[in-house]
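**Student:** Pasting a structure here, questions to come.
Coordinate-derived values only; no laboratory data. If you're wondering where the values come from, they're calculated on a predicted model, not measured in any experiment. Here the Cβ positions follow ideal geometry from the backbone for every residue, glycine too, while neighbour counts run over all protein chains shown.
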Amino acid sequence: MDNEALKEKVIEKIQEVFDPEIPVNIWDLGLIYEVNILPINNVQVVMTLTAPSCPAAQTLPHEVDQRIREVEGVNDVHVEVTWTPSWNKDMMSEVAKLELGFL
């Protein structure tokens, strides 16, 4: 599988992860800043949370890691949480904004 196909599969898995307080997946919420496919099918994800005090701060990155490891061909996964830039509602997809009543 080439890098683009693998990246698509990884994103599909990320879209299965939902913020426990918001009924929208974390991809559409805009919490994923980067998905990189590195040599030998290692996956690096840079993500944030809606707030530093988010109750899911310990569980969401772990769930992202575990879901990505389910993708056939993935060798290793590294999930990094960053606070720069800070998340805001403008980062959400149109789908998320519609679902949450922001449109």
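**Student:** I'd like the distance between the alpha-carbon centres of segment 56-103 and segment 1-42, rounded to an integer number of Å.
**Tutor:** Distance between centres, Cα-based: 7 Å.
**Student:** Would you work out which of Cys54, Asn3, Leu103 lies farthest towards the positive end of the dipole of the chain, given +1 charges on the beta-carbon of Lys and Arg and -1 on that of Asp and Glu, about the Cα centre?
**Tutor:** The residue sitting farthest along the positive end of the dipole is Cys54.
**Student:** Ok, one more. What share of all Cα pairs of the chain, in percent, falls into each consecutive 5 Å distance bin?
**Tutor:** With a bin width of 5 Å, the distribution comes to 2, 13, 25, 24, 18, 12, 5, 1, 0.
**Student:** Among the chymotrypsin sites (Phe, Trp or Tyr not before Pro) within segment 22-103, which fall in a DSSP loop and have no more than 13 other Cβ atoms within 10 Å of their own Cβ? List each step's numbers first, then the result.
**Tutor:** Working: sites: Trp27, Tyr33, Trp83, Trp87, Phe102; in loops: Trp83, Trp87, Phe102.
The qualifying sites are Trp83, Phe102.
**Student:** Here is a follow-up. Could you give the nm distance between label points at Gln15 and His78, where each point is 7 Å from its Cα heading toward the beta carbon?
**Tutor:** 2.7 nm
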